[in-house]
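Let me begin by presenting the structure, written as structure tokens, before commenting on it.
The values are calculated or read from the model by the stated rules, or taken from the named source; none is laboratory data. Everything quoted here is computed from the prediction, not taken from an experiment. When we count neighbours, we look across all protein chains shown, and the Cβ atoms used for this are built from the backbone with ideal geometry, even at glycine.
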Amino acid sequence: MKKTLIFLFLLCIQFGNSQELALVKKSGKIGYISKDGNFKIEPQYKSAKSFSDGLAAAENNGKWGFIDTKGSWAIPASFDNAKDFNSGIAVVQKDKNWVYINTKGEILKGPATDKVFDFNDGVAFFRQGDKVGLINSKMTVVLEPKYDQIKPFESGFARVELNKKWGIINTAGKELVEPAYDEIGNYFKNTTWARKDKTFGLVSAGKFIPVDGAEKIWDFETQDLTYAKKNGKIGFIDLTGNWKILPIYDKARAFSKNLAPVCVGSKWGYINPKAEFVIPPTYSDAEVFSSNGLAPVKEKNWGFINDSGKLVIPTQYGITSNGFVISLFVQQDKGFIDGLARVKNEGKWGFLKPDGTVLSNQWFENAELFSKSERNNTTDAAEKPKAEPKSETKPAAKPAAKKKK
């Protein structure tokens, strides 16, 4: 009986920590709704951020602290600024200095660094002089500073620059692709695209494989095909670097659910991996299919189609990835994410269900995407320090990000 009670208690904790809340603005105040559309925390904050690690940064009388999912102050509002938790650690500003704290609000000490960076995927950058390394959530060094730049980790991998050449590392600091390329892509199934001098190709098992005639290659996303440009047109290559779909399209986006949006002239449609049009090019814009089998398409405004091309939600909405924060889903900037789509109608924002109804029939002045307690929105890059005018003060936790390599 005792073991059963302990199990149920742990299950309740897990359930409580995994709930999803969305930050919304109503009557000029910020609150949080749950996926049933009801307010979990009533609008009461002038400024606040999304939940991550079960806590959300919120402002109270000019100071920042962290609330829990019940709206109680888990960490009192005593900081000048605060960023999201990730891996149980957040960056906060206190007495003009940026420092790390844990979920108890205790300040953590790490190695000396010229800048304090956010945690992501269990690690954070630290910089000493012109070089960047990694620390873990125990504040111990994983990778001594050796790179000129480290880009944000994506699915456990990051692009690194050394002597103007690019490679890839994992969160353990292991070099998976040596910095030998002028450009490099994301890491997908032990493969990445790269540019060597003027030649584009794929890197697999340490070997560079040129792709015939490629002028540009985009990142692999959820499938083993990605789009690439040749002679000014777009086609698709596979993980071996072979052209599987000839470059005949003017524009394209990634495959998802075995369908990819492609543009012919000024109209968008969808093809399958055999290059057959499943949905004819009739739309002025189109995005990738989400996991629920719906994709955003645009005529004058945005609506949604299913994978047979039927318009299931009329094209009457605005839709964008830009709320208060960056999109959560890197493969799909617009559309349904975890069962709901953030849309705009007559200047208000709300959430659509797959059947086209509006969540709790509510519209807000603004709204963020729903966030799980373990998620973090921050994507901070560690780069070379840049010369700045002496009259300006450099924000310690907000480096200016270069264009992604």
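Which of the residues belonging to region 197-221 are surrounded by fewer than 19 Cβ atoms within 10 Å (Cβ to Cβ) and over 27 Å from PHE125 (Cα atoms)? Of everything in region 197-221, those that are surrounded by fewer than 19 Cβ atoms within 10 Å (Cβ to Cβ) and over 27 Å from PHE125 (Cα atoms) turn out to be ASP197, LYS198, THR199, LYS207, PHE208, ILE209, PRO210, ASP212, GLY213, GLU215, LYS216.
Tell me which residues, restricted to region 33-56, are in contact with a helix residue (DSSP H, G or I) (Cβ under 9 Å, 6 or more places away or on another chain) and among the acidic types (Asp, Glu). Spell out the reasoning first.
Keep residues of region 33-56 that are in contact with a helix residue (DSSP H, G or I) (Cβ under 9 Å, 6 or more places away or on another chain), which gives 33, 35-38, 53-54.
Within region 33-56, ASP36, ASP53 qualify.
Just one residue in the set SER18, SER27, SER34 is at pLDDT below 95, under 26 Å from ALA341 (Cβ atoms) and either in contact with an Asp or Glu (Cβ under 9 Å, 6 or more places away or on another chain) or buried (at least 17 other Cβ atoms within 10 Å of the Cβ) (or both); that residue is SER18. Anything in region 95-125 that is touching a residue at least 40 places away in the same chain (Cβ under 8 Å) and assigned to a strand (DSSP E or B)? List them, or say none. Once the filter is applied, which keeps residues that are touching a residue at least 40 places away in the same chain (Cβ under 8 Å) and assigned to a strand (DSSP E or B), region 95-125 yields ASN97, TRP98, VAL116, PHE117, ASP118, PHE119, ASN120, VAL123, PHE125. Only residues that are in a loop (DSSP other than H, G, I, E, B) and among the polar types (S, T, N, Q): list them for region 345-366, please. Selection gives THR357, GLN362.
For region 275-319, residues that are more than 19 Å from ASP355 (Cα to Cα) and without any contact (Cβ under 8 Å) to a residue 24 or more places away in the chain total 9. Quickly run through region 284-298 and pick out the residues that are crowded, with 21+ Cβ neighbours inside 10 Å and assigned to a loop (DSSP other than H, G, I, E, B). The answer is GLU287, VAL288, PHE289, SER290. Within region 210-234, residues that are free of Cβ contacts under 8 Å to residues at least 24 places away in the same chain have Cβ atoms under 6 Å from residues that are part of a strand (DSSP E or B) and of a type outside the set (Lys, Arg) in these pairs: ALA214/PHE200; ALA214/ALA228; LYS230/PRO247; LYS233/PRO247; LYS233/ILE248, counting only partners at least 6 apart in sequence or on another chain. Taken over region 30-46, the criterion of being at negative phi and either among the hydrophobic types (A, V, I, L, M, F, W, C) or outside any strand (DSSP E or B) (or both) is satisfied by ILE30, ILE33, LYS35, ASP36, ASN38, PHE39, ILE41, LYS46. If we scan region 246-253, do we find a residue that is within 27 Å of the chain's Cα centre (by Cα) and in a strand (DSSP E or B)? Among the residues of region 246-253, at least one is within 27 Å of the chain's Cα centre (by Cα) and in a strand (DSSP E or B), which makes the answer yes. Quick one: would you say LYS230 is among the basic types (Lys, Arg) and either within 21 Å of the chain's Cα centre (by Cα) or buried (at least 17 other Cβ atoms within 10 Å of the Cβ) (or both)? Taking the combined requirement at face value, the residue satisfies it. When region 170-193 is filtered for residues that are surrounded by 22 or more Cβ atoms within 10 Å (Cβ to Cβ), part of a strand (DSSP E or B) and either without any contact (Cβ under 8 Å) to a residue 40 or more places away in the chain or charged (D, E, K, R) (or both), the ones remaining, listed by number, are VAL177, TYR181, THR192, TRP193. For the criterion of being modelled with pLDDT of 95 or more and over 17 Å from the mean Cα position of the chain (by Cα), VAL288 fails. The lone criterion from (1) in contact with a strand residue (DSSP E or B) (Cβ under 9 Å, 6 or more places away or on another chain); (2) surrounded by fewer than 18 Cβ atoms within 10 Å (Cβ to Cβ); (3) at pLDDT 95 or above left unmet by GLU276 is number (1).
Being among the small types (Gly, Ala, Ser) and on the phi > 0 side of the Ramachandran plot is the filter; apply it to region 76-109 and report the residue that is nearest to the chain's Cα centre (by Cα).
Step one: filter region 76-109 for residues among the small types (Gly, Ala, Ser), giving 77-78, 82, 87-88, 90, 105.
From the residues that got through so far, the ones that are on the phi > 0 side of the Ramachandran plot too are 87-88, 105.
Numbers: SER87: 16, GLY88: 19, GLY105: 26 Å.
For region 76-109, the residue satisfying everything is SER87.
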